[in-house]
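Just so it is clear, none of the values below were taken in a lab; they were calculated from the coordinates. The shown structure was predicted, so the numbers you read here are calculated from the model rather than taken from an experiment.
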Amino acid sequence: MAGNKKDDADALNEMTFEDALAELEKIVGEMEGGELKLDESLERFGRGMKLAKQCGDRLGKAEKRIEVLVNEAGGDDGEWAPFGESE
């Protein structure tokens, strides 16, 4: 079983952000549809949580990369704010 978890984690790491987000949106739609059995809902919820974490991690890395690029280009003159901090 442990090999399956590693394989699942590896597959998540290999997914693009866009693919992970698309799968997450699909899961949300299935769950909102209300036609899944409880076990199916729990399985999809678990997968959705993993996908959401993966997307969040990727966005965090992208934000850090943007900060580096802004600093390398001459510093932050106050016009750029990290995601979620803009007015």
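Of note:
- Taking one quarter of the surface of the convex hull spanned by the alpha-carbon atoms of segment 13-72 gives a direction-averaged projected area of 4.5 nm².
- Residue-span extension gain [LEU36 to ASP8] - 0.36 nm each, minus C-alpha spacing: 7.9 nm
- Cross-link reach is defined here as a Cα-Cα straight distance under 17 Å, omitting same-chain residues fewer than 8 places apart; for LYS6 the lysines meeting it are LYS50, LYS53.
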